[in-house]
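Just below is one structure, and these are the notes that go with it.
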Amino acid sequence: MNRRSRANGERLAAAPFITPQARARAARGAAESRRLEWAGLPFLRSYERERPRDRARPRHPVARTPVRRTAAALAALAVSATVLTACDSFSTTAPTAHEFVNELAIPPLAPSTEEGGVRTFDLTAETGTTAFPGIGESETWGFNGAFLGPTLRAERGEQVAFEIDNRLPEATSVHWHGMHLPAAMDGGPHQMIEQGETWRPTWTIDQPAATLWYHPHPHGETEKHVYQGLAGMFILDDDASLAADLPSEYGVDDLPMIVQDKEFDRSGRLVLRNDGSEPGTLGDTIMVNGTVGAYREVTTERVRLRLLNGSTARTYTFAFDDDRAMTMVASDGGFLDEPLEMQDLRLAPGERAEVVVEFEPGETTRLRSVKTNLGGIVVPGTSGGNDEFDVMEFRADPSLAPSPEPSWPQAQDAVADELHEDEASVTRDFSLNTREINGLKMDMNRIDEVVHVGDTEIWEVRSTQPIPHSFHIHDVQFRVLSIDGEAPPPELAGPKDTIYLNPNQTYRLLVRFEDYADPTMPYMYHCHMLLHEDEGMMGQFVVIEPGDEAAVGVPPMREHSDEEEDGHGGHLGH
Ligand SMILES: [Cu+2]
């Protein structure tokens, strides 16, 4: 069976919608912007925008409140492509410069107990107050603390179990981004944890060593929950990673780096702007592990950085201020085939990379984000594409302990893990535009794709809209076969679960659905720009035993105890 559903593929490319606030920012902006001709309106159309967060409860089939965005809202910033290419430093989203005077926070490793071969972790999603030095104090959310969460760590073959308490003022969920696991344990929008309740997922780690992460995934509310601080790293080990010649002492020469951009009001409170700018909130304050203006002392010749773009919308291009090479060793789902020397590395929200960086005794250098090629989007200056800024500083000690040259053995399971294009039996097409995938917005009550367990498939994914989108598939790590018919660049050739989509290019992804058939519990695929995901750019697939088609369905919706409460759930900063 070779099923194709090339739906609505080439519908007209919608313009970005840009709000009065963003327009005002632009008007305040650099003299550069005056060179723009605020004229040509190539994208005149009205745009119906559904905002789940404005609905009473996003998980229920209630009346929808579309917001009509008219051409007038687009007019002010709609600029011709020719003018834009001539104006490559224009930005309305530039981060503020900070002094690097605060020591980088390292999320603690989460304690766990082991009993009967099961490693159990306790997580509590809670509210708290975080002091951001030089900015102020803000209400924030975190796991086992006020902001972000501890780093979870487990080894391939171990069974992990969690006790997750929700002490937030509203329901949430905890999704294990990048993890291969049963759909019922995935922590997507069907596994909500009500206020005051406990969720106890468990599964056996069965995938290569990798830097994964965890974050909430409540439908329509993911941007807010992640932005307020609910995110943490999940490091997996295996025989290859444990035997590797790589910096591996957590918090010493092996550093988690959760990079995020935030915005604060005058009194220092975290604010999620939600003004409708594309591709979502682009904050002017950069933090790593919650530290603004972070520095880190280096004590070894090489340091491994586990970079996670934990931002809701901003795509970074990481590079060092002196253009030194980074050795990339792993992408989202684990090791590359071999070490890869790079000078810059683009990471979209949700993507990870492990890089090893060399230092000379006594030197100081900064990790930056440089101008980001967003792949021919309209108005990169309002999407963060033109921003260049320092992320954090590294200060090397006068003498550095030796570190080995990066290398790693092949894992025992490497051959079994390998994906084979010639085994692909199904090709599916996914076209992303506005807030839809294949012409449809997310519906919790609709299964979009039915996959047979054991099958290898090719997913052909394409954004047909010149604004930033990406694609994330739950449960699996895929391989990029080609991008517009060309072999992927080496940094995209390793195991991946999230990929930025240059507009109007076709990404052929090779993916295998090895186990965990469950006809009534879907996994998600979606854009990982969290605003887009919240507003419906998501679909659901189930993995079933062949012949089990008649059993396919969605889990029954649960009633919510806070049904009658304020549907906004209390946005921060208001
Ligand atoms: Cu998107």
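The values are calculated or read from the model by the stated rules, or taken from the named source; none is laboratory data. Source: prediction; values computed, not measured. FYI the Cβ positions are ideal-geometry reconstructions off the backbone, even for glycines, and counts take in every protein chain you see.
Which of (1) modelled with pLDDT of 50 or more; (2) over 27 Å from the mean Cα position of the chain (by Cα); (3) over 30 Å from Met233 (Cα atoms) does Leu84 not meet, given it meets every other one? It fails just one condition, (1). If you go through region 276-289 one residue at a time, do you hit one that is surrounded by fewer than 21 Cβ atoms within 10 Å (Cβ to Cβ), within 16 Å of the ligand (Cβ to nearest atom) and part of a loop (DSSP other than H, G, I, E, B)? Yes, there is a match, as at least one residue in region 276-289 is surrounded by fewer than 21 Cβ atoms within 10 Å (Cβ to Cβ), within 16 Å of the ligand (Cβ to nearest atom) and part of a loop (DSSP other than H, G, I, E, B).
Would you check if there is a residue in region 485-496 being away from the ligand (no atom under 16 Å from the Cβ), among the charged types (D, E, K, R) and assigned to a loop (DSSP other than H, G, I, E, B)?
There is no residue in region 485-496 that is away from the ligand (no atom under 16 Å from the Cβ), among the charged types (D, E, K, R) and assigned to a loop (DSSP other than H, G, I, E, B).
Return a yes/no flag: does region 498-513 have any residue that is in a loop (DSSP other than H, G, I, E, B), more than 29 Å from Gln260 (Cα to Cα) and not small (Gly, Ala, Ser). Checked against the condition, which is being in a loop (DSSP other than H, G, I, E, B), more than 29 Å from Gln260 (Cα to Cα) and not small (Gly, Ala, Ser), region 498-513 yields at least one hit. Any residue in region 448-457 that is farther than 30 Å from Asn102 by Cα, small (Gly, Ala, Ser), more than 16 Å from the ligand (Cβ to nearest atom) and in a strand (DSSP E or B)? Within region 448-457, not a single residue is farther than 30 Å from Asn102 by Cα, small (Gly, Ala, Ser), more than 16 Å from the ligand (Cβ to nearest atom) and in a strand (DSSP E or B).
Of all residue pairs spaced 6 or more apart or on separate chains, those with beta-carbon atoms under 8 Å, a first member in region 398-423 that is of a type in the set (Phe, Trp, Tyr) and a second member that is surrounded by 10 or more Cβ atoms within 10 Å (Cβ to Cβ) and assigned to a strand (DSSP E or B) are Trp408/Asp245; Trp408/Val329; Trp408/Phe335. Please tell me if Leu432 is in contact (Cβ under 8 Å) with a residue 40 or more places away in the chain, surrounded by 18 or more Cβ atoms within 10 Å (Cβ to Cβ) and within 16 Å of the ligand (Cβ to nearest atom). Answer is yes for this residue. When restricted to residues that are among the charged types (D, E, K, R) and more than 14 Å from the ligand (Cβ to nearest atom), region 435-447 contains 2.
In region 102-113, the residues that are surrounded by 17 or more Cβ atoms within 10 Å (Cβ to Cβ) reach residues that are modelled with pLDDT under 95 with C-beta atoms within less than 8 angstrom, at least six apart or across chains, in these pairs: Asn102/Pro133; Asn102/Gly134.
Within region 537-563, being modelled with pLDDT of 95 or more, assigned to a loop (DSSP other than H, G, I, E, B) and more than 10 Å from the ligand (Cβ to nearest atom) holds for Glu545, Pro546, Gly547, Asp548, Val552. Taking first residues from region 483-512 that are under 19 Å from Pro349 (Cβ atoms) and in contact (Cβ under 8 Å) with a residue 12 or more places away in the chain and partners that are of a type in the set (Ser, Thr, Tyr) and not in a strand (DSSP E or B), the Cβ contacts under 7 Å between residues at least 6 apart in sequence or on separate chains come to Tyr500/Thr315. Confirm whether Arg462 is more than 20 Å from Ser383 (Cβ to Cβ) and basic (Lys, Arg). Against the criterion (more than 20 Å from Ser383 (Cβ to Cβ) and basic (Lys, Arg)), Arg462 does not qualify.
Consider Gly188 against the criteria (1) in a loop (DSSP other than H, G, I, E, B); (2) within 25 Å of Ala146 (Cβ to Cβ): it satisfies all of them except one. Which criterion is unmet? Failing condition for Gly188: (2). In region 462-482, the qualifying residues are those that are hydrophobic (A, V, I, L, M, F, W, C) and either surrounded by fewer than 18 Cβ atoms within 10 Å (Cβ to Cβ) or assigned to a loop (DSSP other than H, G, I, E, B) (or both), and the one that is nearest to the ligand (Cβ to nearest atom) is Ile467.
Of all residues in region 115-125, those being surrounded by fewer than 19 Cβ atoms within 10 Å (Cβ to Cβ) and modelled with pLDDT of 95 or more number 4. Name the residue, out of Thr281, Thr365, that is touching a Phe, Trp or Tyr at 6+ places or on another chain (Cβ under 6 Å) and among the hydroxyl-bearing types (Ser, Thr, Tyr). Checking each option against the conditions leaves just Thr365. Selection of region 145-163 for residues being surrounded by fewer than 22 Cβ atoms within 10 Å (Cβ to Cβ) and more than 20 Å from Pro349 (Cα to Cα) yields Gly145, Ala146, Arg153, Ala154, Glu155, Arg156, Gly157, Glu158, Gln159, Ala161, Glu163.
Residues to consider are Arg296, Arg273; find the one that is away from the ligand (no atom under 16 Å from the Cβ), over 15 Å from Gly136 (Cβ atoms) and part of a loop (DSSP other than H, G, I, E, B). Just a single option satisfies the conditions, and that option is Arg273. The set of residues from region 272-286 being at pLDDT below 95, of a type outside the set (D, E, K, R) and out of contact with any Lys or Arg (no Cβ under 7 Å at 6 or more places or on another chain) comprises Asn274, Gly276, Ser277, Pro279, Gly280. Looking across region 223-270 at every residue that is among the small types (Gly, Ala, Ser) and part of a loop (DSSP other than H, G, I, E, B), the one that is surrounded by the most Cβ atoms within 10 Å (Cβ to Cβ) is identified as Gly229. Checked across region 510-525, the condition of being modelled with pLDDT of 95 or more, in the same structural domain as Leu419 (by TED's automatic domain parsing), within 16 Å of the ligand (Cβ to nearest atom) and within 26 Å of the chain's Cα centre (by Cα) holds for at least one residue. The set of residues from region 96-124 being outside any loop (DSSP other than H, G, I, E, B) and closer than 27 Å to Gly293 by Cβ comprises Asn102, Glu103, Leu109.
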